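Enquirer: One structure coming up, written as structure tokens, with questions to follow.
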Amino acid sequence: DSGSSASNGSLVTENTSSGGTSQVWNINPVQIGAATPFVTYEGEWGLLQNGATVVSQLVPQPTEFVTAAIEASGRSYAHLVGTASSVQWRNLTGHAITAVNIRYSIPDSSNGGGIDATLNLYVNGQLRQSVPMNSHQTWTYETDSTYFGSTETPGNGESAFMYWDEVHVPITGAAVQPNDSIALRIDTQNTAAFYDIDCIDLEAPPAPLSQPSNSVSVTDYGAAANNSSVDSTSAFQQAIAAAIANGKTVWIPQGTFYLSSQLTANNVTIQGAGMWYSVLYWNVLGSYTGNNLITGAGGTFESFAMDSNGNRETHKYGLNLSGTNWKIDSVWIQHAGDRKSTRLNSSHITI
């Protein structure tokens, strides 16, 4: 007869009659799933205080209509309601944290279209900042029993879906050190009736990249960072044309650039300063040219973020590429296609 046991990373088999060890294997940890630059903590894992509760739905839904818990990761989330209600986690990543991404849900407005609110972020019990949140791009409602209808306007008790959105912000002040606490808390200036927290990503983004050699900057053609009154679409398209004609890279500096229609980029490299630093933001409400945010055949797209103000009726697809020989590396896409958030991190997709 023989048996086995595990101890300190080793698997030992032994003869149960003599008690002698016959074989020993060392067991090394294995990475399961993607290697990401962030660590995710579920809302329901946190320390809940002052009326905060966990909402879960672990049994099957009797209909195809969904609930907030079904749409949540792990089918559970933290529900904060009332002043001082909070959820708190400990930074157990082993390194300093300088930014967070929060998956959250706040109420719709009574007539649809969403609301604006904030939620306060604390480190070691000290207020650091108010995190902006809204529900303008969530809360879609079914309009019939076949589960295919949808509207942005609540009405006669229709079931809702698309509960969750995300917001990411650098943490104001000093980095959150290992074993420090980080909390989301409702204070009197946080005006939403409730705040549901599905999860929080803790991250320390790398420093922004510098403009590469042999590149043209979109600002050379009139693109303006952090100015929502300037439409930078033409400037981007001119920079893309110049880069293609001269065999150069298109460079997107730090900042948010506002665009009003689809970009076409064929067999060109477009690079930003990083997903946390270079943001392309599309206004897709009202008149908009194209069904996508960026389209093209071939090319490289790396180190920037894409976002839009699209809702269920007006969303556009993100990177819609055709052909072969294209690469997407470190691109963060929000509110495009079905409005989910996608981060292509650390590795890349090459076709």
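The values are calculated or read from the model by the stated rules, or taken from the named source; none is laboratory data. Since the model is a prediction, treat every value here as computed from it, not as a measurement. Quick reminder, even Gly has a Cβ in these numbers, built from the backbone with ideal geometry, and neighbours come from all protein chains shown. These area figures cover heavy atoms from the full protein model, side chains too; ligands, DNA and RNA do not enter into them. Shrake-Rupley method; radii C 1.70, N 1.55, O 1.52, S 1.80 Å.
Enquirer: Starting from 0.36 nm per residue, how many nanometres of slack lie between Q126 and N320 once their C-alpha separation is accounted for?
Expert: So the extension gain works out to 65.5 nm.
Enquirer: From the backbone phi of region 309-320, what are the Karplus-calculated ³J(HN,Hα) couplings (6.51 cos²θ - 1.76 cosθ + 1.60, θ = phi - 60°) in whole Hz, Gly and Pro given as x?
Expert: With coefficients 6.51, -1.76 and 1.60, one gets 9, x, 10, 4, 7, 10, 4, 10, 6, x, 8, 10 Hz.
Enquirer: Okay, next question. Taking the solvent-accessible surface of protein heavy atoms with a 1.4 Å probe, what is the per residue accessible area of region 171-319 in Å²?
Expert: 40
Enquirer: Please compute the per residue accessible area over region 30-138 with all protein chains in place, 1.4 Å probe, rounded to a whole number of Å².
Expert: 48
Enquirer: Right, here's the next one. Which part of region 179-197 falls in the paramagnetic zone of V39, meaning amide N under 19 Å from the point 7 Å along Cα-to-beta-carbon?
Expert: Zone members listed by number: 179-184.
Enquirer: Taking 0.36 nm per residue of sequence separation and subtracting the Cα-Cα distance, how much length would be gained by fully extending the chain between R90 and Q61, in nm to one decimal?
Expert: Length gained between R90 and Q61: 7.1 nm.
Enquirer: What chymotrypsin sites (Phe, Trp or Tyr not before Pro) does region 161-224 have in DSSP loop regions with at most 16 other beta carbons within 10 Å?
Expert: For chymotrypsin sites (Phe, Trp or Tyr not before Pro) across region 161-224 that sit outside H, G, I, E and B with at most 16 neighbouring Cβ atoms in 10 Å, the list reads F194.
Enquirer: Calculate, in nm to one decimal, what F194 and D220 gain on full extension: separation in residues at 0.36 nm each, minus their alpha carbon distance.
Expert: 4.8 nm
Enquirer: Give the residues of region 157-193 whose amide nitrogen is closer than 13 Å to a point set 7 Å from the Cα of Q254 in the direction of its Cβ.
Expert: Taking a point 7 Å out along Cα→Cβ of Q254, the residues of region 157-193 whose backbone N falls under 13 Å are 170.
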